């Protein structure tokens, strides 16, 4: 036990001696103090593990409440009735009839007849017949020649409805009787000259046509028509027209392609001054591609019209190309649309078209094609509440535009004429290059379902190349239309205004240089029509034309009828 202190003492002395022999370190010691702020963590905080629960039943004890009502009988005589389902009363559905007959009679001994008869199954087939006749058997006062007229038309059709196609066949005849009664006012005619004139002219039309519509095919539509037009002077005109339409999808758009094949042959048995015949024949092939591009507020039609035309009499061929580019843009207001475009077309003039515009042309016409080189327009249309409006301005250039002008008289009033139309009472067609500036304004007001009003104004400014004037073309046309209808009554008022026109008259046996310009005065014509609806089958109507009894000339020396009244009834039914 004494050896342990001795041994410990020995070791301590040996360590001290070894420490004195070690080399002293040159680095000095420094004190470094690191200070960091205390950042407590959620885990360092004391958290209540669970929320204490307190039972309300331990604090507030519910007391039992007893209610007691003393019932007293009440005397009452009320006896409830069982409820019934109350239906909504519906207005009776108006029955629609598919056929009607209408007839009337007026002054100037004017019978009127109009009928439409149809029957069939609306899902599979349908056929019908249309008849119309209107005439006047009394002459206009102070006319030396017969001034009566008549117009009769009969047309029938049959159409078939199939799953993938529909087709319709139409055929008809029409006969129009007119008279060359417009003798010059500056000549005095002998009775023998008047008696020798057979002023009657009869136009006859026979036609057959068809239409084919495909539902699931690139060939969408095909129309065809064969028509023969003739008159009492052995004139004859045949037209054959075929128009297919093909739609081709291109990406998200559709390319519409319209084609035209047209053959027209016209023959006049005489010309104006002698018995030499006149013949005209044209063949036209047309192609009209049109691509419609739709964007948010913009619709653009990109197209063109291409024609190959052959004059079969002169053996001349021509190629025509026209633009057909139109666009419409919705402005900030969706009811306001801006329109613009440039178009053109080849117009095939025909004897029948000229007769439709002026039935007093002579059967000795010069037939040419009209080259409408271009027509540019800019317009604005829109709707504001009950008002719709449309306005536009256009400028066009037409080569060989037809103009009606009076034929030179072949009598001085004492010389007999060979043909009724040679007494200065007929019109020829001449052609000129004409540029036209047109301004159009239209306004319509739909005040209610029963009443509406519309106004239209057209202003024309013509610039001719060879002629002194744009013969028989007015500078101003205007119209006002008012319609009213209720459950039993209906009425329509139409007011027309046509500005003055000019014609050119060459005296008998004189040169063109001695011709004079004659002005046809402007006129206003008011027409009224109204009626009473007795039942949905029977209606009575009355019509008054030329209310102001104006004795104006529609064409030079062709005075119209004065005050005209016609009344009749219409009956509807089903076959």
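Answer yes or no as to whether residue 479 is closer than 25 Å to residue 354 by Cβ and part of a strand (DSSP E or B). Steps first, answer last, please.
Details: closer than 25 Å to residue 354 by Cβ: yes; part of a strand (DSSP E or B): yes.
Yes.
Could you look through region 558-575, keep only residues that are assigned to a loop (DSSP other than H, G, I, E, B) and touching a strand residue (DSSP E or B) at 6+ places or on another chain (Cβ under 8 Å), and pick out the one that is surrounded by the most Cβ atoms within 10 Å (Cβ to Cβ)?
Looking only at region 558-575, we keep the residues that are assigned to a loop (DSSP other than H, G, I, E, B), and these are 560-563, 574-575.
Going one step further and asking which of them are touching a strand residue (DSSP E or B) at 6+ places or on another chain (Cβ under 8 Å), we end up with 560-561, 563, 574-575.
Numbers: 560: 17, 561: 19, 563: 13, 574: 10, 575: 10.
For region 558-575, the residue satisfying everything is 561.
Is it the case, given these coordinates, that residue 207 is part of a strand (DSSP E or B), at pLDDT 95 or above and either on the phi < 0 side of the Ramachandran plot or in contact with a helix residue (DSSP H, G or I) (Cβ under 8 Å, 6 or more places away or on another chain) (or both)?
Working: part of a strand (DSSP E or B): yes; at pLDDT 95 or above: yes; either on the phi < 0 side of the Ramachandran plot or in contact with a helix residue (DSSP H, G or I) (Cβ under 8 Å, 6 or more places away or on another chain) (or both): yes.
Considered against the rule, which asks whether it is part of a strand (DSSP E or B), at pLDDT 95 or above and either on the phi < 0 side of the Ramachandran plot or in contact with a helix residue (DSSP H, G or I) (Cβ under 8 Å, 6 or more places away or on another chain) (or both), residue 207 comes out as yes.
Before we move on, is residue 503 crowded, with 17+ Cβ neighbours inside 10 Å and either without any contact (Cβ under 8 Å) to a residue 60 or more places away in the chain or within 26 Å of residue 232 (Cβ to Cβ) (or both)? First the steps, then the outcome.
Numbers: crowded, with 17+ Cβ neighbours inside 10 Å: yes; either without any contact (Cβ under 8 Å) to a residue 60 or more places away in the chain or within 26 Å of residue 232 (Cβ to Cβ) (or both): yes.
Criteria met by residue 503.
Any idea which of 402, 474 is modelled with pLDDT of 95 or more and part of a loop (DSSP other than H, G, I, E, B)?
Working: 402 fails: part of a loop (DSSP other than H, G, I, E, B).
It is 474.
For region 490-501, enumerate the residues that are part of a strand (DSSP E or B) and within 30 Å of residue 512 (Cα to Cα).
Just the residues of region 490-501 that are part of a strand (DSSP E or B), to begin with: 490-498, 501.
Once the filter is applied, which keeps residues that are part of a strand (DSSP E or B) and within 30 Å of residue 512 (Cα to Cα), region 490-501 yields 498, 501.
In region 274-293, which residues are surrounded by fewer than 17 Cβ atoms within 10 Å (Cβ to Cβ) and touching a residue at least 24 places away in the same chain (Cβ under 8 Å)?
Filtering region 274-293 down to residues surrounded by fewer than 17 Cβ atoms within 10 Å (Cβ to Cβ) leaves 274-277, 279, 281, 283, 285, 287, 291-293.
Matches in region 274-293: 279, 281, 283, 285, 287, 291, 292, 293.
Considering only residues that are over 28 Å from the mean Cα position of the chain (by Cα) and not in a loop (DSSP other than H, G, I, E, B), look in region 230-248 and name the one that is surrounded by the most Cβ atoms within 10 Å (Cβ to Cβ). Explain how you work it out, then say what you get.
Pass one, region 230-248, residues over 28 Å from the mean Cα position of the chain (by Cα): 230-238.
Okay, now just the ones that are also not in a loop (DSSP other than H, G, I, E, B), so 230-231, 236-238.
Working: 230: 19, 231: 19, 236: 16, 237: 22, 238: 15.
The residue in question is 237.
Among the candidates 266, 310, which residue alone is over 22 Å from the mean Cα position of the chain (by Cα), surrounded by 13 or more Cβ atoms within 10 Å (Cβ to Cβ) and touching a residue at least 60 places away in the same chain (Cβ under 8 Å)? Outline the logic, then answer.
Values: 310 fails: touching a residue at least 60 places away in the same chain (Cβ under 8 Å).
When all the criteria are applied, what remains is 266.
Collect the residues in region 332-371 that are in contact (Cβ under 8 Å) with a residue 12 or more places away in the chain and more than 30 Å from residue 269 (Cα to Cα), keeping them in residue-number order. Don't jump to the end; show me each part of the working.
As a first pass, look at region 332-371 and keep what is in contact (Cβ under 8 Å) with a residue 12 or more places away in the chain: 333, 335-352, 354-355, 357-371.
Answer for region 332-371, where residues must be in contact (Cβ under 8 Å) with a residue 12 or more places away in the chain and more than 30 Å from residue 269 (Cα to Cα): 333, 335, 336, 337, 338, 339, 340, 341, 342, 343, 344, 345.
For region 120-134, give me the residue count where each residue is over 18 Å from residue 172 (Cβ atoms) and either in contact (Cβ under 8 Å) with a residue 60 or more places away in the chain or in a strand (DSSP E or B) (or both).
Start the filter on region 120-134 by keeping residues that are over 18 Å from residue 172 (Cβ atoms), which leaves 120-125.
Narrowing further to those that are either in contact (Cβ under 8 Å) with a residue 60 or more places away in the chain or in a strand (DSSP E or B) (or both): 120-121, 125.
Number satisfying all stated conditions: 3.
If you scan region 539-554, which residues turn out to be under 17 Å from residue 142 (Cβ atoms) and in a strand (DSSP E or B)?
553, 554
Please indicate, with yes or no, whether at least one residue in region 135-146 is assigned to a strand (DSSP E or B) and more than 18 Å from residue 181 (Cα to Cα).
Taking region 135-146 first, the residues assigned to a strand (DSSP E or B) are 135-136.
Cutting the leftovers down to more than 18 Å from residue 181 (Cα to Cα) gives us none.
Scanning region 135-146, I find no residue that is assigned to a strand (DSSP E or B) and more than 18 Å from residue 181 (Cα to Cα), so the answer is no.
Being in contact with a strand residue (DSSP E or B) (Cβ under 7 Å, 6 or more places away or on another chain) and more than 30 Å from residue 360 (Cβ to Cβ) narrows it down to one of 118, 152, 148, so name that one.
So the residue among 118, 152, 148 that is in contact with a strand residue (DSSP E or B) (Cβ under 7 Å, 6 or more places away or on another chain) and more than 30 Å from residue 360 (Cβ to Cβ) is 118.
Sort out which residues of region 213-229 are buried (at least 16 other Cβ atoms within 10 Å of the Cβ), under 26 Å from the mean Cα position of the chain (by Cα) and over 15 Å from residue 260 (Cα atoms), and write them in order of number.
Within region 213-229, 213, 214, 227 meet the criteria.
Examine region 543-551 for a residue that is exposed (fewer than 14 other Cβ atoms within 10 Å of the Cβ), over 23 Å from residue 144 (Cα atoms), in contact with a strand residue (DSSP E or B) (Cβ under 9 Å, 6 or more places away or on another chain) and modelled with pLDDT under 95, and state whether such a residue exists.
yes
Among the residues of region 407-439, count how many are part of a loop (DSSP other than H, G, I, E, B) and farther than 21 Å from residue 232 by Cα. If you could, list the steps in order and put the result at the bottom.
So in region 407-439, the residues part of a loop (DSSP other than H, G, I, E, B) come out as 407-419, 423-426.
Then drop every residue that is not farther than 21 Å from residue 232 by Cα, which leaves 408, 411-415.
Qualifying residue count for the region: 6.
Considering only region 188-199, I want to know if a residue exists there that is in contact (Cβ under 8 Å) with a residue 12 or more places away in the chain, surrounded by 16 or more Cβ atoms within 10 Å (Cβ to Cβ), touching a helix residue (DSSP H, G or I) at 6+ places or on another chain (Cβ under 6 Å) and closer than 25 Å to residue 274 by Cα.
Filtering region 188-199 for residues in contact (Cβ under 8 Å) with a residue 12 or more places away in the chain gives 188-190, 192-194, 196-199.
Add one more test, that the residue is surrounded by 16 or more Cβ atoms within 10 Å (Cβ to Cβ), and what stays is 189, 193, 197, 199.
Subsequent filtering for residues that are touching a helix residue (DSSP H, G or I) at 6+ places or on another chain (Cβ under 6 Å) retains 197, 199.
With the extra rule that they be closer than 25 Å to residue 274 by Cα, the set shrinks to 197, 199.
Yes, because at least one residue in region 188-199 is in contact (Cβ under 8 Å) with a residue 12 or more places away in the chain, surrounded by 16 or more Cβ atoms within 10 Å (Cβ to Cβ), touching a helix residue (DSSP H, G or I) at 6+ places or on another chain (Cβ under 6 Å) and closer than 25 Å to residue 274 by Cα.
Any residue that is under 30 Å from the mean Cα position of the chain (by Cα), touching a residue at least 12 places away in the same chain (Cβ under 8 Å) and surrounded by 16 or more Cβ atoms within 10 Å (Cβ to Cβ) - is there at least one of those in region 177-184? Walk me through how you get there before you give the answer.
As a first pass, look at region 177-184 and keep what is under 30 Å from the mean Cα position of the chain (by Cα): none.
No, the conditions are met nowhere in region 177-184.
Assess whether residue 487 counts as being part of a loop (DSSP other than H, G, I, E, B), farther than 29 Å from residue 530 by Cβ and in contact (Cβ under 8 Å) with a residue 40 or more places away in the chain.
On the way: part of a loop (DSSP other than H, G, I, E, B): yes; farther than 29 Å from residue 530 by Cβ: no; in contact (Cβ under 8 Å) with a residue 40 or more places away in the chain: yes.
Considered against the rule, which asks whether it is part of a loop (DSSP other than H, G, I, E, B), farther than 29 Å from residue 530 by Cβ and in contact (Cβ under 8 Å) with a residue 40 or more places away in the chain, residue 487 comes out as no.
Restricting attention to region 514-525, which residues are buried (at least 16 other Cβ atoms within 10 Å of the Cβ) and either on the phi > 0 side of the Ramachandran plot or assigned to a strand (DSSP E or B) (or both)? First the steps, then the outcome.
Our first condition is that a residue be buried (at least 16 other Cβ atoms within 10 Å of the Cβ); within region 514-525, this holds for 515, 518, 520, 523, 525.
Matches in region 514-525: 518, 520, 523, 525.
Let me confirm something: among 469, 442, 449, which residue is modelled with pLDDT of 95 or more and part of a loop (DSSP other than H, G, I, E, B)?
Numbers: 442 fails: part of a loop (DSSP other than H, G, I, E, B); 449 fails: modelled with pLDDT of 95 or more.
So the residue among 469, 442, 449 that is modelled with pLDDT of 95 or more and part of a loop (DSSP other than H, G, I, E, B) is 469.
The values are calculated or read from the model by the stated rules, or taken from the named source; none is laboratory data. Please read all numbers here as calculations on a predicted model, not as lab measurements. Quick reminder, even Gly has a Cβ in these numbers, built from the backbone with ideal geometry, and neighbours come from all protein chains shown.
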